[in-house]
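Asks: Just dropping this structure here.
The values are calculated or read from the model by the stated rules, or taken from the named source; none is laboratory data. Keep in mind that this is a model prediction, so the values were computed, not measured. Here the Cβ positions follow ideal geometry from the backbone for every residue, glycine too, while neighbour counts run over all protein chains shown. Just so you know, the surface numbers come from the protein's heavy atoms only, side chains and all, with ligands and any DNA or RNA stripped out. Shrake-Rupley method; radii C 1.70, N 1.55, O 1.52, S 1.80 Å.
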Amino acid sequence: MRLLAPAPGWTITSDVIIVGSGIAGLTTALQIRAYGYSVLLVTKARVDEGSTKWAQGGIAAALGPGDSPAAHEADTLKAGAGLCDLKAVHALVTEGPDAVARLIARGAVFDRAASGEIALTREGGHLTNRILHAGGDATGAEISRALLAAVTEDPGIEVIEHALVLDSLKSESGRVCGVTLHVIGEGSRDGVGRALAKAVILGTGGLGQVFAQTTNPSVSTGDGVALALRAGADVADVEFIQFHPTVLYLGAKSSGQQPLISEAVRGEGAILLNDAGEQFMIGIHPLADLAPRDVVAKAIMSQMLKAGTGHVWLDVSKVANFSERFPNIYQSCISHGINPTHDRIPVAPAAHYASGGVRVDLAGRSSVPGLYACGETACTGVHGANRLASNSLLEGLVFAARIADDIHRTLRQLPREEPIVGSDTEILLTPEIRTEIAQSMSVGAGVIRTKSSLEQTKAQLEKIATQVSKNPCVEAWETTNLFTLAKVIVASALIREETRGSHWREDFPNESSSWLKRIIEHMDSTGTLSQRYEEVAND
Ligand code: SIN
């Protein structure tokens, strides 16, 4: 399958193509450059506009006194609710500290305590302080700045901005050997072209825009996962959408990207209160307000449903020097008329992170040769049913290095293959349905799901699938990607008849041992989805 698009009018070649300029894409580019290969890095907007720069809380790594990779592993497995792959988690926690050291060597500056040591804070599900942060609550922006500076200095990395990647190109042997892309550029690289290489790495970030309210920026339309599905790659765990418990509530009608109130705020002493002023997390989980994210999101939703309100409250009065420790969150609240130093902050859950994605192995390889995925786009098995807070930036760093090593090991001797012209089915939907997709997903496949809510969303998606377009443009391509992702999320969420991690089925409220397996989604050349199961790798 492929998106309806004009035939490519220009060609560019490189050893490796990286799609996306967040922590995963930028780190993979630098790691691959260390082996001397040429890199073409394409990104849909400006290089600094992805999800990474929005990350507030930080990056988890076992660096503090008394902490260890084993303790980090235990917390990660607990949050993942039985669906983490042990080897992937082990790689994450043991290789994490060195990956962070490389990031620091590349120029990222983290906040330090008065003693001079890196300051470490806590977030939900962590039993110890192990979250590095920068600029208080501007961790992602600092990481992005440092990596971009290193990428920009490297003449072996060509960056193309404003380039939406459309589809993969395959050789006679079925190997991915490039992509088609649409560039809003000038001169020879304007419009649809093709980029050819020995390998393609997808690091396009998240898919939060599938939902009506999300912490993700507008560029997070899951383009990489949708491309991988059309390329015939397996995707997994897509039903596990993590809803961040505390997003600034801007009213029931507010949609798109919503301001995040980092979990680190609760790590520094903030508490959640209901309308009656009760600290409702006490008694729900031993970690109370610092319980894993799914537990807190569910408790907040229960309070909201009980009280018939659109939000609960976050009280930050116990957080020392709030405006200095969290300057961006403070400013964001002030700009919406809330002064957190005397007002409680209204907060509600919103779509935040896709724990699943393109199913990859420990070297970041998808099920289609030549196609890799990294970061939020990938499903390495690290997150299971619920990502542990601040493990995502770390996953990007660790698996970027693994992908680069694999590319060096395997692609060195390979010639660059030529793409063949396929006779794929083409798809394109009208951009007018984008809002309907997001609203229908939030209502029927959001924090709380039931068979009937999911079936309603499924029926609505089937109805709007008829709204085809003959006018290729960025908005139509993005909408088609969102539609594809909505379809797979609903399909998996309907099949998984249990409540586990961030997948909450009101009609199946408990975990079931028969569901200790992941759902793998596959799309055939006509766009039909099929599913199979994969055992969780516990050894
Ligand atoms: C946060 O700062 O609460 C978000 C961190 C994360 O999603 O890991």
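Asks: Mind telling me which of the residues Ala385, Ala378, Ala350 ends up being out of contact with any His (no Cβ under 7 Å at 6 or more places or on another chain) and either of a type in the set (Phe, Trp, Tyr) or crowded, with 19+ Cβ neighbours inside 10 Å (or both)?
Replies: Ala378
Asks: Here is a check on your reading of the model: is Ala62 in contact with a His (Cβ under 6 Å, 6 or more places away or on another chain) and surrounded by 15 or more Cβ atoms within 10 Å (Cβ to Cβ)?
Replies: yes
Asks: Further question: Across the stretch 107-143, which residue is farthest from Lys53 (Cα to Cα) among those that are part of a helix (DSSP H, G or I) and open to solvent by 10 Å² or more (accessible area, probe 1.4 Å)?
Replies: It comes out as Glu142.
Asks: For Leu63, indicate whether it is away from the ligand (no atom under 16 Å from the Cβ), assigned to a strand (DSSP E or B) and not polar (S, T, N, Q).
Replies: The answer is no for Leu63.
Asks: Taking Tyr249 and the conditions (1) closer than 19 Å to Leu305 by Cβ; (2) open to solvent by 60 Å² or more (accessible area, probe 1.4 Å); (3) away from the ligand (no atom under 16 Å from the Cβ), which numbered condition does it fall short on, given that it satisfies the others?
Replies: If we test Tyr249 against (1) closer than 19 Å to Leu305 by Cβ; (2) open to solvent by 60 Å² or more (accessible area, probe 1.4 Å); (3) away from the ligand (no atom under 16 Å from the Cβ), just (3) comes out false.
Asks: Something else now. Kindly check whether there is at least one residue in the stretch 452-469 that is touching a residue at least 40 places away in the same chain (Cβ under 8 Å) and assigned to a loop (DSSP other than H, G, I, E, B).
Replies: yes
Asks: Here is a follow-up. Checking the conditions here, which among Asn391, Asn386 is in contact with a Pro (Cβ under 8 Å, 6 or more places away or on another chain) and more than 14 Å from Ile261 (Cβ to Cβ)?
Replies: Asn386
Asks: Tell me, yes or no, whether the stretch 236-244 has at least one residue that is within 30 Å of Leu169 (Cα to Cα), away from the ligand (no atom under 16 Å from the Cβ) and small (Gly, Ala, Ser).
Replies: Within the stretch 236-244, one or more residues are within 30 Å of Leu169 (Cα to Cα), away from the ligand (no atom under 16 Å from the Cβ) and small (Gly, Ala, Ser).
Asks: From (1) open to solvent by 20 Å² or more (accessible area, probe 1.4 Å); (2) of a type in the set (D, E, K, R); (3) not in a helix (DSSP H, G or I), pick out the condition that doesn't hold for Lys487.
Replies: (3)
Asks: Got a number for residues in the stretch 66-90 being within 16 Å of the ligand (Cβ to nearest atom), open to solvent by less than 50 Å² (accessible area, probe 1.4 Å) and among the charged types (D, E, K, R)?
Replies: Number satisfying all stated conditions: 1.
Asks: Right, another one. Could you tell me how many of the residues in the stretch 42-51 are within 16 Å of the ligand (Cβ to nearest atom) and more than 17 Å from Pro259 (Cβ to Cβ)?
Replies: The qualifying residues number 1.
Asks: Inside the stretch 116-143, can you point out the residues that are away from the ligand (no atom under 15 Å from the Cβ) and either closer than 30 Å to Ser38 by Cβ or of a type in the set (Ser, Thr, Tyr) (or both)?
Replies: Thr128
Asks: Considering only residues that are within 14 Å of the ligand (Cβ to nearest atom) and over 17 Å from Pro346 (Cα atoms), which ones fall in the stretch 280-309?
Replies: The answer is Leu290, Ala291, Pro292, Arg293, Asp294.
Asks: Okay, next question. So which of Gly267, Gly277 is more than 30 Å from Lys44 (Cβ to Cβ), small (Gly, Ala, Ser), within 14 Å of the ligand (Cβ to nearest atom) and open to solvent by 20 Å² or more (accessible area, probe 1.4 Å)?
Replies: From the options Gly267, Gly277, the qualifying one is Gly267.
Asks: When you go through His503, His522 one by one, which is the residue that is within 18 Å of Met1 (Cβ to Cβ), surrounded by 13 or more Cβ atoms within 10 Å (Cβ to Cβ) and not small (Gly, Ala, Ser)?
Replies: His522
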